[in-house]
Amino acid sequence: MDWTKQIIRYAVVMVLQVLLFDQLQLLGVCHPYIYILCLMMMPITLPHISDMLIGATAGLIMDIFCNSLGVHTSACILLMYVRPYILSALINETDRLNEQLSLHSLGMEAMTKYVVILVLLHHLTVFMLAAWSWQHVGFVVLETLVSSLLTILVILGYNILKYR
Amino acid sequence: MQNLLKILLRYSNFLVFVLLEVAAFLLIVYNHAAPRSSVLSTANRMVAWQYETVSEITGYFHLRQQNDQLAMENASLRNQLAQAEGVEIIQYQSAKVVQMTTDRLHNYLTINCGTDDGIQRGQGVRNENGVVGVVRTVGTHYSVVMPIINTMMNLSCRFLKNDYIGTLQWDGKDSRFALLTDVAAHMVVNTGDTIVTSGLSPIFPEGIPVGIVESSVLHEGDSYYTIHIRLSTNFKRLKYVEVIHNADQIQIEELLDGLD
């Protein structure tokens with residue numbers, strides 16, 4: 001795995017996240033978390049446990065920017081935990097992946113499913129934990145749907161542009 | 001024993017997952033109870049510095065508007081000075097808003113004052129128009145403030161006209177409005193009634209503007225009103241705030257600590 005490339009991509013995505021996507025004020029319910037792009041598109045070469053630790057770190061960094069200690073951390077750990085299971089459920093021969101996750105190796109259909117499932121899972125976890133009560137459940141669901149839509153578009157767009 | 005080890009090894013991924021999640025949940029609980037870590041929040045110097053730099057750059061686009069605002073504030077301060085009655089218990093420390101969100105359930109703002117400027121956890125924050133919030137986490141140079149537009153916030157208020165007490169809460173919908181609860185049905189509530197801080201807690205001195213009644217509904221069979229308050233503070237335009245140093249607050253808190 002090319003660490004330099006991964007870290008540079010993470011830095012660029014975090015700048016976009018904090019300076020652009022966190023400042024969006026669309027309808028009051030659109031809070032996309034595009035930084036998970038880096039976690040989701042990481043090659044699947046590392047041991048599962050290291051994946052989860054990387055997820056925890058990325059989540060903690062995001063939490064510092066959001067004043068929501070622990071919320072993104074748990075969502076990212078969950079994301080990295082389920083990632084290999086979702087992948088093996090979507091594709092029969094995992095060898096075909098050749099360790100790289102891309103539109104080329106996954107195919108459009110599997111890629112879309114992979115992104116949609118993981119983004120919805122992550123965003124729902126973040127917004128549920130951030131609300132920390134059942135009182136705002138309607139708002140949380142709406143927030144999840146609207147924000148996920150934008151995140152999914154960004155991540156799919158990134159993949160399409162990269163492997164056009 | 002060997003079997004146990006085998007099982008542990010087999011499920012090691014799941015066990016690590018559970019351990020990490022438990023740690024993350026402890027962080028959430030800890031952060032809700034008493035967020036004292038200034039490093040793990042936007043009071044973190046590097047994080048706040050980054051936000052401050054960006055707001056300095058974008059701030060140039062609002063200069064004219066801010067000039068007008070400052071001129072108005074100067075005028076009102078001079079008026080107040082003219083009729084000052086020597087209240088020395090309360091002092092104000094002005095601070096700049098470095099970062100703020102207004103459209104989440106749990107909104108926060110970061111200001112460029114910290115322990116080095118004498119800021120302490122639990123101090124009240126206001127601006128020239130009204131109440132802003134309470135200092136929640138303090139770093140050396142920056143602090144995080146929980147504004148009244150945060151669903152975790154409760155603020156004790158009273159009607160200016162008859163001193164009737166109510167509790168202000170935010171419903172998470174619109175940063176311009178909040179709800180006033182605990183107002184019993186026998187009260188007469190009119191649209192346009194002024195709501196100010198009650199002074200029941202030492203955080204805010206009494207009489208700071210909170211908002212005015214926008215609408216009040218008394219459903220049949222209810223013993224309490226549902227009151228919408230239009231807040232005095234415009235959170236979307238918040239650039240400067242004042243932290244309240246209340247000499248009484250320290251004394252009162254010492255007394256309360258003594259009771260435990």
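The values are calculated or read from the model by the stated rules, or taken from the named source; none is laboratory data. Keep in mind the model is a prediction, meaning the values are calculated, not measured. Cβ atoms come from the backbone with ideal geometry, glycine included; neighbour counts cover every protein chain shown. Heavy atoms of the whole protein, side chains included, go into the accessibility calculation; ligands, DNA and RNA do not. Shrake-Rupley method; radii C 1.70, N 1.55, O 1.52, S 1.80 Å.
Six or more apart or on different chains, Cβ atoms under 7 Å: show the pairs whose first residue is in the stretch A:89-110 and at pLDDT 85 or above and whose second is open to solvent by less than 20 Å² (accessible area, probe 1.4 Å).
A:L90/A:A110; A:L90/A:Y114; A:A110/A:I91
For the stretch B:10-44, which residues satisfy the criterion of being open to solvent by 90 Å² or more (accessible area, probe 1.4 Å) and modelled with pLDDT of 80 or more?
Passing the criteria: B:R10, B:Y11, B:F14, B:L19, B:L26, B:Y30.
Output the residue which, of all residues in the stretch A:1-38 that are within 13 Å of the chain's Cα centre (by Cα) and away from chain B (no Cβ under 14 Å), is nearest to B:F177 (Cα to Cα).
The residue in question is A:I34.
Considering only residues of the stretch B:143-174 that are open to solvent by less than 10 Å² (accessible area, probe 1.4 Å) and part of a loop (DSSP other than H, G, I, E, B), which is nearest to B:I119 (Cα to Cα)?
B:I148
For the stretch B:218-242, name all the residues that are in contact with a Phe, Trp or Tyr (Cβ under 7 Å, 6 or more places away or on another chain) and at pLDDT 90 or above.
Matches in the stretch B:218-242: B:H228, B:I229, B:R230, B:L231.
Tell me which of these A:M42 doesn't satisfy, since it passes every other one: (1) out of contact with any Asp or Glu (no Cβ under 8 Å at 6 or more places or on another chain); (2) more than 10 Å from chain B (Cβ to nearest Cβ); (3) of a type in the set (A, V, I, L, M, F, W, C).
In the conditions (1) out of contact with any Asp or Glu (no Cβ under 8 Å at 6 or more places or on another chain); (2) more than 10 Å from chain B (Cβ to nearest Cβ); (3) of a type in the set (A, V, I, L, M, F, W, C), A:M42 misses (1) alone.
Working only within the stretch A:101-147, note down all residues that are crowded, with 19+ Cβ neighbours inside 10 Å, aromatic (F, W, Y) and more than 11 Å from chain B (Cβ to nearest Cβ).
Once the filter is applied, which keeps residues that are crowded, with 19+ Cβ neighbours inside 10 Å, aromatic (F, W, Y) and more than 11 Å from chain B (Cβ to nearest Cβ), the stretch A:101-147 yields only A:Y114.
Report, ordered by the first and then the second residue, all pairs with beta carbons closer than 8 Å, sequence separation of six or more or different chains, a first member in the stretch B:181-198 that is under 13 Å from B:H228 (Cα atoms), and a second member that is open to solvent by 40 Å² or more (accessible area, probe 1.4 Å) and part of a loop (DSSP other than H, G, I, E, B).
B:V183/B:Y164; B:D193/B:L160; B:D193/B:K161; B:T194/B:L160; B:T194/B:K161; B:I195/B:L160
Only one of these is of a type in the set (F, W, Y) and modelled with pLDDT of 90 or more: B:Y108, B:Y92, B:Y60. Name it.
B:Y108
Can you name the residue in the stretch B:172-218 that is within 14 Å of chain A (Cβ to nearest Cβ) and in contact with a helix residue (DSSP H, G or I) (Cβ under 7 Å, 6 or more places away or on another chain) and, of all such residues, is farthest from B:H106 (Cα to Cα)?
Among those residues, the one meeting the criterion is B:S175.
Residues that are under 28 Å from B:A23 (Cβ atoms), of a type outside the set (S, T, Y) and out of contact with any His (no Cβ under 7 Å at 6 or more places or on another chain), at least 1 per element: which helices (runs of 4 or more DSSP H) completely within the stretch A:5-124 meet that?
So the answer is A:36-40, A:48-66, A:71-90.
Identify all residues within the stretch A:20-38 that are open to solvent by less than 80 Å² (accessible area, probe 1.4 Å) and more than 19 Å from A:I77 (Cα to Cα); write none if there are none.
The answer is A:F21, A:D22, A:L24, A:G28, A:V29, A:C30, A:H31.
One line per residue, one yes/no per condition, for (1) in contact (Cβ under 8 Å) with a residue 60 or more places away in the chain; (2) open to solvent by 10 Å² or more (accessible area, probe 1.4 Å):
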site	(1), (2)
A:T4	no, yes
A:M40	yes, no
A:P43	no, no
A:H72	no, no
A:C76	no, no
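Checking B:T102 against (1) surrounded by fewer than 17 Cβ atoms within 10 Å (Cβ to Cβ); (2) modelled with pLDDT of 80 or more, which test does it fail?
(1)
It is to be established whether one or more residues within the stretch B:69-83 are out of contact with any strand residue (DSSP E or B) (no Cβ under 8 Å at 6 or more places or on another chain), away from chain A (no Cβ under 14 Å), on the phi > 0 side of the Ramachandran plot and not charged (D, E, K, R).
no
State which residue is surrounded by the most Cβ atoms within 10 Å (Cβ to Cβ) when the search covers only the stretch B:132-142 and only residues that are part of a strand (DSSP E or B) and within 12 Å of another protein chain (Cβ to nearest Cβ).
Residue satisfying both the conditions and the ranking: B:T137.
Counting only residues that are outside any helix (DSSP H, G or I) and in contact with a His (Cβ under 6 Å, 6 or more places away or on another chain), how many does the stretch A:125-164 have?
1
Looking at B:F17, B:F61 in this structure, which one is of a type outside the set (G, A, S) and at the interface with chain A (Cβ under 10 Å from one of its Cβ atoms)?
Result: B:F17 is the single residue among B:F17, B:F61 that is of a type outside the set (G, A, S) and at the interface with chain A (Cβ under 10 Å from one of its Cβ atoms).
Could you tell me how many of the residues in the stretch B:45-55 are in contact with a strand residue (DSSP E or B) (Cβ under 9 Å, 6 or more places away or on another chain), more than 7 Å from chain A (Cβ to nearest Cβ) and either loosely packed, with under 15 Cβ neighbours inside 10 Å or among the hydrophobic types (A, V, I, L, M, F, W, C) (or both)?
The total comes to 2.
Since A:M80 meets every condition but one in (1) within 9 Å of chain B (Cβ to nearest Cβ); (2) modelled with pLDDT under 90; (3) touching a helix residue (DSSP H, G or I) at 6+ places or on another chain (Cβ under 6 Å), which condition does it not meet?
Checking A:M80 against (1) within 9 Å of chain B (Cβ to nearest Cβ); (2) modelled with pLDDT under 90; (3) touching a helix residue (DSSP H, G or I) at 6+ places or on another chain (Cβ under 6 Å), the one that fails is (2).
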